[in-house]
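Only one structure is covered here, and it is reproduced in the block below.
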Amino acid sequence: MSDNVKPIDDGKGKAGAGPEAGKAPGGERLERAREKFSQVTAGVGDKVKGLGESAGRASQQVRAGAERTGAVAREKYDVASEKVRVGYDKARKDFDHLTQDVNEYVRDNPGRSVLIAAGIGFVLGMLLRGGGRR
Amino acid sequence: MEAAPSQQSMADELVDELVPREVDWQRLVRSYPLTSLALAAFGGFVLGRSRGREMVAALSAFAADTLTDNLNEYLGKDVV
């Protein structure tokens, strides 16, 4: 009869280890999950910070490039406008000289000048008439 | 530079015949040269558009008659 009875201590030890053994793995898992989460958030934060810095550098580069391009374009515009102004002044002077020459010739030869102008107008009128009334 | 007197006076005479005597056209042309040229060109343009062909035909006939008369006078008889 005494052989069939088991000592109580064995049962107790077994029974006592069950709940404590279930608690430890859960807590470790939670702790590990927390660590991982903090690592991930730290990594994401670093990446976002890095992206922000590179975006800032890129915008600075774009701004510097745009300023350089604007300066070059402004310089070329100034050069071109100066050339146009010089050409216009020269053409106006040439036209003024031509006008003076024409005035002088007409004052010296009024009859001939009038006949030449009338003849040119006559020829133009005939040419344009021939093109319009066919 | 002066043009030959005969040519200059011929042009002036021609315009004198076309313009009324009361109008001192030479003074006007000398006073307003470019305007006068523009008006003359416009007048010629209008004339060319409206009576261009008739005028050219008339001038051609006049030139042919003059040439014929001169030729006949040169040859001494009515050849043409």
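Observations on the model:
- Matching residues, the stretch B:10-33, being loosely packed, with under 13 Cβ neighbours inside 10 Å and over 14 Å from the mean Cα position of the chain (by Cα): B:P20, B:R21, B:E22, B:V23, B:D24, B:R27, B:S31
- In the stretch A:86-133, the residues that are away from every other protein chain (no Cβ under 11 Å) and of a type in the set (F, W, Y): A:Y88, A:F95
- Each residue in the stretch B:11-51 was checked for being more than 7 Å from chain A (Cβ to nearest Cβ) and aromatic (F, W, Y), and 2 pass.
- You will find that of A:A33, A:A17, the residue that is surrounded by 10 or more Cβ atoms within 10 Å (Cβ to Cβ), at pLDDT below 90 and in a helix (DSSP H, G or I) is A:A17 and no other.
- Among residues of the stretch B:25-45 that are without any contact (Cβ under 8 Å) to a residue 40 or more places away in the chain and assigned to a helix (DSSP H, G or I), those with a beta-carbon under 6 Å from a residue that is polar (S, T, N, Q) and crowded, with 18+ Cβ neighbours inside 10 Å at least six positions away or on a different chain give the pairs B:V29/B:S36.
The values are calculated or read from the model by the stated rules, or taken from the named source; none is laboratory data. None of the values given here were measured: they were computed from a predicted structure. No Cβ is skipped: glycine too gets one built from the backbone with ideal geometry, and neighbour counts run over all protein chains shown.
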